[in-house]
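The values are calculated or read from the model by the stated rules, or taken from the named source; none is laboratory data. Quantities reported herein were computed from a predicted structural model and do not represent experimental measurements. We place every Cβ from the backbone using ideal geometry, glycine too, and count neighbours over all the protein chains shown. We work out accessible area using only protein heavy atoms, side chains counted, and drop any ligands, DNA or RNA first. Shrake-Rupley method; radii C 1.70, N 1.55, O 1.52, S 1.80 Å.
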Amino acid sequence: MSAVGRALAVLDVFDGATCLRLTTIAARTGLPLPTALRLVRELVAWGGLERQADGSYRLGTRLWVLGGQVPCQRRLAEAGQPYLRGLRTATGRAVTLTCLDGDRLLVVDELGETGAAGSHLPLHATAAGKLLLAHGPDDLRRQILGNLVRITPYTVTAPGLLLRQLADIRRGSLATTQEERRLGECEIAAPVGPMGEAGPAAALSVTAPSAPAARRAAPLLAATAAALTAHLTPPDTITKARVGGNHRSP
C-alpha cells in the first residue's frame with residue numbers, strides 16, 4: 001500500500017467513530033504501531049486529525065473545510081428549502097436547519113433571520129443544539145458541560161440541570177429553550193435524518209416570541225421534520241431497518 005493509501009486508511013477507520021486511540025487505529029488499519037503513529041502525527045500537523053486531552057484522536061477541522069467545498073451541506077440545504085418554506089408559511093415563525101460542526105451548531109439554512117446560513121451557534125443555548133447534544137457522543141457532552149457560557153440571564157449554566165434536560169430529551173421530551181440565546185426568543189427543535197450512533201444527522205427548529213407560541217408549532221414542526229427525514233433517507237436504509245426490525249424480540 002502506498003503512503004497515500006495508508007494515510008487514507010487511517011482516516012477511513014473513523015467512519016462511524018467519533019474518537020479513537022492510536023492502538024485502535026493501528027489494529028483497524030493493520031498497520032504496525034510505529035507506522036500508525038507516524039501517519040497520525042503527520043495528519044495532526046496537517047489538520048486532518050486532532051489530538052484530544054485524553055490522548056485519543058478525532059477528525060480535524062481541515063477535513064470539514066475541504067468537505068464544505070463538496071456540496072454535501074449544500075445538498076442538505078437544497079433538500080430542506082421547500083420544507084423550510086412550508087413550515088415558515090404555516091407557522092409564521094423563523095425556521096432553521098442545523099447540524100453539528102465539532103462542538104458548535106452549524107446553520108445550514110434559515111428563514112426569518114435566526115442566524116445566517118454558515119454561521120455557528122452554541123449547543124447548550126439552542127433547542128437544536130440540545131437535541132443533537134442529547135443524542136450525541138458522551139465525550140461531546142463532557143466537553144460542553146465543562147464550558148457552559150452564560151449568554152443571557154436565562155442561559156442554562158448549571159451542568160446538573162442541563163444533564164437533566166438532555167436526559168428528558170432522550171426519553172422523548174421536546175427540545176426547547178426559553179430566551180437562552182437571545183432575549184425574547186424561545187425555540188423548539190425536532191430531529192432530521194436517520195438516527196445513527198452519533199444522533200440525528202440534523203435538526204429543524206422553530207423560533208417564537210414565547211414558549212406557548214413555540215409549543216403550538218410543535219405538531220407542524222414534527223410533521224415537517226419527519227417528511228424531510230423521509231426525503232433524505234435512502235430507500236435501502238428504510239428496507240434494512242424494516243428487515244432488522246423483524247428479528248427483534250417483542
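Quick one: would you say residue 117 is outside any strand (DSSP E or B) and surrounded by fewer than 22 Cβ atoms within 10 Å (Cβ to Cβ)?
Yes.
Looking only at the range 144-157, decide whether some residue is surrounded by 15 or more Cβ atoms within 10 Å (Cβ to Cβ) and modelled with pLDDT under 90.
no
Is one or more of the residues making up the range 171-178 farther than 19 Å from residue 103 by Cα, outside any strand (DSSP E or B) and open to solvent by less than 30 Å² (accessible area, probe 1.4 Å)?
The answer is no; no qualifying residue exists.
For the range 8-39, what are the residues that are of a type outside the set (S, T, N, Q), in contact (Cβ under 8 Å) with a residue 40 or more places away in the chain and surrounded by 13 or more Cβ atoms within 10 Å (Cβ to Cβ)?
Answer for the range 8-39, where residues must be of a type outside the set (S, T, N, Q), in contact (Cβ under 8 Å) with a residue 40 or more places away in the chain and surrounded by 13 or more Cβ atoms within 10 Å (Cβ to Cβ): 11, 14, 19.
Is it true that residue 107 is part of a helix (DSSP H, G or I), open to solvent by less than 60 Å² (accessible area, probe 1.4 Å) and either among the aliphatic types (A, V, I, L, M) or modelled with pLDDT of 90 or more (or both)?
Criteria not met by residue 107.
List the helices (runs of 4 or more DSSP H) that sit entirely inside the range 1-67 and contain at least 1 residues that are at negative phi and touching a helix residue (DSSP H, G or I) at 6+ places or on another chain (Cβ under 6 Å).
So the answer is 3-12, 22-29, 33-46.
Do you know which residues across the range 179-209 are free of Cβ contacts under 8 Å to residues at least 40 places away in the same chain and either open to solvent by 40 Å² or more (accessible area, probe 1.4 Å) or of a type in the set (D, E, K, R) (or both)?
If the condition is that a residue be free of Cβ contacts under 8 Å to residues at least 40 places away in the same chain and either open to solvent by 40 Å² or more (accessible area, probe 1.4 Å) or of a type in the set (D, E, K, R) (or both), then 179, 182, 183, 209 are the ones that fit.
Specify which of the listed residues (50, 42) is over 27 Å from the mean Cα position of the chain (by Cα) and closer than 25 Å to residue 101 by Cβ.
42
Does the range 27-53 hold any residues that are among the small types (Gly, Ala, Ser) and either in contact with an Asp or Glu (Cβ under 6 Å, 6 or more places away or on another chain) or closer than 18 Å to residue 4 by Cβ (or both), and which are they?
If the condition is that a residue be among the small types (Gly, Ala, Ser) and either in contact with an Asp or Glu (Cβ under 6 Å, 6 or more places away or on another chain) or closer than 18 Å to residue 4 by Cβ (or both), then 30, 36, 45, 47, 48 are the ones that fit.
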